[in-house]
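A short worksheet on the structure shown next.
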Amino acid sequence: MKKLCVICTLLFGVAVFLFFGLAYPHHLHYQEQFQLFLFDSTYVWEVVREPGGVADLLGRFTTQFFLYAWVGALIIAVLLSAVQLLTLRFMSGGWLYGLSFVPSFLLWLFLLDENALMGGVWAVLLTQLTIWGYVRLPGGWVRRIVVLITLPIIYWMVGPSWTGSHYYRYPTVTPGLLYSAWLSVWVIIGVAFLIRRFQKQANHSLLTSCLSFAVVFAIMGSFVWKNANFRAEAVMQYDFMARHQQWNRILETAGREKPNNQIGVTVQNLALAMHGVLLEQLFNYNQNGIAGLLPDVKEDATSPLPTAEAFYQLGMINVAQRTVFEAQEAILDFQKSGRCYKRLAQTNLINGQYEVARKYLSALQKTLFYRDWANETLQLLGDEAAIARHPEYGRLRRMAYTEDLTFGRASSRSATSSELDGSRLTGDFYFSDHVTPEMLESLYRTNTDNGLAYQYLVAYYLLTGDREGYNNFISSIKQ
């Protein structure tokens, strides 16, 4: 029976590991980019002082490893396997053995949601560990005293009745699947207790144990597969590739299955432009009008980031900076973003706002995986010659606007001048409605070596069918 338990737990753990590593890796990357775990006493205290803060802190700590999907998949597999093993500790085995996997499967279903946070998984596990420690205590007054002591501690660790804002990205939403996973632990413990009490000899038949495991695995596994959002996974993949500037991989992916969503088309067109073939290949790929070039920026945390990448590569540094800043402000649980902090440090460095860039870099120095990059980038602050030689920052400085430009209406969202001011190099460039051909033409005239701006401007005319605007632009270049 013990060998069976080990084998089944390993099978479950391997299934979880392969699912998140192969089928759902970009959901893990998505989770990582919308938090910023700092090895800083002030940050830690701000998290743990709230009810449920311990589970929240552990969730944030483990989520930082999701930058590497296989590491994140391993962490999730270990945690869900631990939940299953602890559930099994309270059971009598036999035909009930398969039920020990139910809480873990419910947590697996919970984690399919991109807004599910790892703090919820830790809350279930911490609750189980508390119960396990309680049942191992001797009876009588010792157990009663320990209960009185541990109740406020567990309240501090996992929060008030699971309604805290640490387990789901929408602070006002109580996730039903997480609540069901927590409740199922208690139900299974109760059922096992009743069976042990009224059944003198528990049934430990190997056959019934295997059958119960197979039935639960088949039923719950099918629920996992049917509820997995693979369409969102594909969108997140394009966003991930744009974040890491994997232009070749983007075109290979788009070549296999052309994207039919706004983020995918935006990233695909950026990759074509980075290879200098946007105008040649434009209509060989799915298009979404001008919304596939530089879409209107929406007030959410996800869709603006690929567009901001295009602004950044075009040399529209202030627009990219403002877009990233507003995307970070739109994160639903009010966390900061390692991805956004890194880009804000870069845009302020390019704009010559070195003290603002230092603020972001100083925060990134307190992280695990951004520390080395922050230390290297700090050495560039104020070193104009080194920035000019830099293959990315030097190029973007030369491409950026050199005069004050204003198109459209100023954005209604406010930010401090120190965070958004870039007038030293790029001017006060704001917009809200959409990018216009005048913006792209001005960008190109600032630096006629900016082939990206040329490609985007001509693509704009082609996608809108504006033949007159195209002819006027070509004539002005010839003159």
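The values are calculated or read from the model by the stated rules, or taken from the named source; none is laboratory data. These numbers come from a predicted model, not from an experiment. Here the Cβ is made from the backbone with ideal geometry for all residues, glycine too, and neighbour counts use every protein chain on show.
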Item checked: Residue in the range 209-243 that is modelled with the lowest pLDDT, counting only those that are small (G, A, S), more than 19 Å from the chain's Cα centre (by Cα) and closer than 20 Å to L109 by Cα -> S212
Notebook entry, point to check: Is at least one residue of the range 180-189 in the same structural domain as M91 (by TED's automatic domain parsing), over 33 Å from the mean Cα position of the chain (by Cα), loosely packed, with under 11 Cβ neighbours inside 10 Å and at pLDDT 75 or above?
Noted result: no
Check: When the residues of the range 290-319 are filtered to those that are under 19 Å from the mean Cα position of the chain (by Cα) and closer than 19 Å to Q245 by Cβ, which remaining residue is surrounded by the most Cβ atoms within 10 Å (Cβ to Cβ)?
Finding: T307
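Which helices (runs of 4 or more DSSP H) does the range 301-383 wholly contain that include 2 or more residues that are more than 29 Å from A453 (Cα to Cα)?
Numbers: elements: 304-314, 317-329, 338-350, 354-364, 371-378.
So the answer is 354-364, 371-378.
So is S205 under 30 Å from D300 (Cβ atoms) and modelled with pLDDT under 80 or not?
So S205 does not fit the description; no.
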Item checked: Single match in F66, F105, F61 (criterion: of a type in the set (F, W, Y) and either at pLDDT below 95 or closer than 19 Å to I7 by Cα (or both)) -> F105
Check: Do we find a residue being farther than 30 Å from P437 by Cβ and touching a residue at least 24 places away in the same chain (Cβ under 8 Å) anywhere in the range 243-260?
Finding: no
Margin query: Cβ contacts < 8 Å: first residue surrounded by 19 or more Cβ atoms within 10 Å (Cβ to Cβ), restricted to the range 72-86; second residue among the charged types (D, E, K, R), any location; separation 6+ or different chain. Result?
Written below: G72/E32
Next item on the list: Could you run through the range 40-59 and say how many residues are over 22 Å from the mean Cα position of the chain (by Cα) and either part of a loop (DSSP other than H, G, I, E, B) or aromatic (F, W, Y) (or both)?
Entry: 4
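Of the residues in the range 267-289, how many are in a loop (DSSP other than H, G, I, E, B) and either on the phi < 0 side of the Ramachandran plot or surrounded by 19 or more Cβ atoms within 10 Å (Cβ to Cβ) (or both)?
5
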Note to self: I'm told L364 meets every condition in (1) more than 30 Å from S442 (Cα to Cα); (2) surrounded by fewer than 21 Cβ atoms within 10 Å (Cβ to Cβ) except one. Can you identify the failing condition by its number?
What the structure shows: (2)
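Need at least 3 residues that are under 30 Å from the mean Cα position of the chain (by Cα) and modelled with pLDDT of 85 or more per element, so show me which helices (runs of 4 or more DSSP H) inside the range 394-466 make the cut, counting only ones lying wholly within it. Walk me through it before giving the result.
On the way: elements: 417-420, 437-446, 451-464.
The qualifying helices (runs of 4 or more DSSP H) are 451-464.
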Check: Which of the residues spanning the range 467-479 are in a helix (DSSP H, G or I) and of a type outside the set (D, E, K, R)?
Finding: G469, Y470, N471, N472, F473, I474, S475, S476, I477
Notebook entry, point to check: Somewhere in the range 17-39, is a residue assigned by TED's automatic domain parsing to the domain that holds H166, more than 20 Å from the chain's Cα centre (by Cα) and part of a helix (DSSP H, G or I)?
Noted result: no
